[in-house]
Every structure is written in C-alpha cells, then in structure tokens.
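We did not get these values from a lab; they are worked out from the coordinates using the rules stated. If you're wondering where the values come from, they're calculated on a predicted model, not measured in any experiment. Here Cβ is always computed from backbone atoms with ideal geometry, including for glycine, and neighbour counts include all displayed protein chains.
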Amino acid sequence: MGIRVAVAGASGYAGGELLRLITGHPEFDLVAATAHRQAGQPVTVVHPQLVGLDLTFGATEPATLAEADLVFLALPHGESAALAAALPDAVKVVDLGADHRLRDADAWARYYGGAYADAWTYGLPELPGQRAAIAASHRVASTGCYAVATTLALAPLIAAGAVRPADVVVVAASGTSGAGRAAKAHLLGSEVMGDLSPYKVGAHQHVPEIKQATGATSLSFTPILAPMPRGILATVTAVPTGDADPRAVLAEAYADAPFVHLLPEGAWPHTAATAGSNSCHLQVGLDVDSGRVIVVSAIDNLGKGAAGQAVQNANLMFGLPETTGLSTFGVAP
C-alpha cells in the first residue's frame with residue numbers, strides 16, 4: 001500500500017485532472033473522491049476520460065477523507081478552510097483553492113470577502129526557499145493559475161533588481177476550464193467560440209496573490225477568456241532598471257527547476273506546447289519603442305496552474321522527487 005490519497009471536489013475540471021495524475025503516480029493510491037451533486041455517481045459518469053477507474057464519488061465530508069494520508073482540496077473559494085480544519089492533524093493537505101494563500105486579511109476581504117482563514121505555506125516550489133518550506137509542511141496552499149504564470153515570469157526579475165516593482169502590467173488569456181465546470185451562459189460554446197473577452201478588469205482576485213509572491217508594489221492585470229479548453233498565455237511587462245540582464249536573471253533562477261523552461265532566443269511560448277504537462281515556458285525580450293521588459297509565459301492552467309502544481313507540492317511534502325508522476329512534455333497536436 002502506497003500513500004493513501006483522497007480528492008475533495010473531484011467532479012470539477014481540476015479534480016478530474018488530479019484523479020488522472022494520481023492514478024498514474026507510482027507512490028499514490030487513490031482511496032476516495034468526493035463531490036456534492038454527483039455524490040453516489042460513478043466517477044466515469046462525470047469523467048469519461050478515466051474509463052476503467054472503478055470508483056464512486058462520496059460525500060464531501062471529513063469522515064470520507066480522514067483515513068487518507070494526503071487530501072487534495074479542489075473546492076470553490078471559501079469552502080476549503082472549514083473542511084481542512086475538521087481533518088486530523090496527521091493528514092497532509094494541499095488546497096487548490098484560495099482560502100489559505102493570502103497573508104493579508106484586508107486583501108482577502110477586498111478581493112474575496114467572507115471569513116478570513118490563516119495563511120498556509122505557499123505552494124510555488126520555484127520561489128526561493130519554498131521547496132524546503134513545502135517539504136516541512138503539513139498544510140500547503142497551492143497557487144492560483146494566473147498567479148503561477150505571472151509569478152514565474154516576474155518574481156526573479158524583481159528580486160534581482162532587474163525591473164522596478166511598480167508599474168507592472170499583465171495581460172493574460174486563459175482557457176474556459178479556468179472558470180470551472182458550473183453551467184454559465186457566458187461559457188457556452190456558442191458564446192465562447194470565435195471570441196475573446198476580458199473579465200474582472202482591474203479587480204481580479206489573483207492580484208494580491210501575485211503582488212505577495214513577486215514583490216510587485218503596483219500591478220495592472222487584465223484577464224481574457226480565450227476560446228480554448230485549457231492553457232494560459234501571460235504577457236508581463238515591467239520597467240527595467242539597467243542593473244541586470246533579464247534573460248541572465250531568468251536563466252540563473254531556473255537553472256535547476258525541472259518544470260520551468262526558458263526557451264531559446266527567438267522562440268516564443270504558446271499554450272499548446274504545454275498542454276497536459278506541468279511545465280512553464282518562458283521567453284524574455286525588450287520593447288524597442290517603450291524600453292519595457294517583456295516576459296511571455298505559457299502554462300496548462302489545469303497542469304502547472306492547478307492539479308500538476310498540487311501534485312508537485314505533495315511530492316515534496318512526502319520526500320519524493322518533485323517530478324514524480326508528472327510530465328515535463330506537452331501533448332501535440
């Protein structure tokens with residue numbers, strides 16, 4: 001028997017991707033998957049891509065999860081904290097939601113609302129010191145999808161003094177799976193296909209998380225809904241200081257990071273190349289007119305942006321190589 005794993009909120013897109021990764025993981029044994037409305041249904045009714053997985057959704061209750069060694073929480077924002085608090089201390093938990101990401105209670109109130117829960121260890125291993133912190137933790141708050149793409153592009157540049165922490169501008173496009181599985185009129189195929197649309201302009205909930213993780217002091221963030229199922233492409237621009245070469249900074253920061261790839265000069269990231277992987281592709285350049293540094297970042301929002309990132313964190317928590325059960329290669333075409 002390996003590490004016993006349970007997934008709460010397994011009926012959603014991130015939950016389904018977690019089930020796929022867990023069943024292919026050499027050290028994890030899937031013992032429970034829970035849902036709300038789909039409780040009592042076979043997993044394959046909701047996730048036909050997992051044909052052969054003989055498992056039924058249980059109710060999302062502490063008793064269903066408490067016998068696991070590791071619980072992934074893939075629940076809507078605001079629903080993780082109470083469930084996590086009811087689990088035994090010995091159970092390790094990775095939360096894919098936002099409940100435990102922010103250290104600032106005022107930022108939580110401004111962008112999310114509702115009761116504030118204490119911050120857990122932040123689950124982005126590529127940040128300085130975070131691998132050791134994650135490995136020593138029983139509770140880890142995995143990153144938001146836009147936050148992963150933006151932070152990996154920006155954090156090393158601010159830390160090295162290569163760009164100013166103020167006046168950072170991010171425009172990022174995401175596939176529709178980032179909005180979850182709930183039926184919403186604006187996510188219907190006839191509404192999304194052939195269209196690009198901004199949303200939550202100037203007030204997206206990942207802004208305080210990105211500022212917390214990168215050290216940015218002011219950030220303009222515009223998210224865009226793109227007509228594709230999965231993927232994020234983020235364009236991050238910042239004012240250079242002239243004190244360090246941005247490409248050299250990124251190359252040094254990720255020299256030993258198995259999932260972050262600085263592409264050869266002239267090759268720009270695109271989302272399809274990261275689909276199905278836990279990788280982030282980066283490229284950096286200079287805007288010849290404005291002089292701003294431009295970093296483009298591509299990830300799979302359900303991979304490095306959600307389920308893959310969560311498994312990477314769990315690997316570290318159990319003393320496994322962080323690449324265990326995860327692919328650096330995308331699926332094409």
Per-pair calculated FRET efficiency, R0 = 41 Å: residue 218 and residue 270 via Cβ, rounded to 0.05: 0.90
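Would you mind calculating the gained length between residue 59 and residue 167 on full extension (0.36 nm times residue separation, minus the Cα-Cα distance), in nm to one decimal? Walk me through the numbers on the way to the answer.
Values: separation 108, 0.36 × 108 = 38.88 nm, distance 4.60 nm.
Between residue 59 and residue 167, full extension yields an extra 34.3 nm.
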Rounded, prolate or oblate (a/c below 1.5 giving rounded, otherwise prolate when a/b exceeds b/c) for region 259-333 by Cα gyration tensor: prolate
9 Å beta-carbon shell around residue 4, net charge (K/R +1, D/E -1): -3
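When only Cα pairs under 8 Å and 6 or more residues apart are kept, what is the percent relative contact order across the chain?
Numbers: 773 pairs, mean separation 57.9, N = 333.
It comes to 17 percent, rounded to a whole number.
Give the peptides 302-313, 28-39 in descending order of average Cβ contacts within 10 Å, highest first. Before the final figure, lay out the partial values.
Values: 302-313: 29.2, 28-39: 19.5.
In descending order of packing, they fall as 302-313, 28-39.
Peptides 270-277, 6-13: what's the order by average Cβ count within 10 Å, highest mean first?
Numbers: 270-277: 20.5, 6-13: 26.1.
So the order, starting with the most tightly packed, is 6-13, 270-277.
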Segment residue 239-residue 49, extension gain: residue separation times 0.36 nm, minus the distance between their alpha carbons: 63.9 nm
Largest-first principal axis extents, alpha carbons of region 1-130, Å: 46, 33, 26
Hydrodynamic radius (Kirkwood) for region 146-301, which is based on Cα pairs only, to one decimal in Å: 15.9 Å
Option label - volume of the Cα convex hull per residue in Å³ computed here, alternatives (1) 116; (2) 135; (3) 146: (2)
Local net charge near residue 43, Cβ-Cβ under 12 Å (Lys/Arg +1, Asp/Glu -1): 0
Within-13-Å neighbourhood charge of residue 22 [Cβ basis; K, R +1; D, E -1]: -2
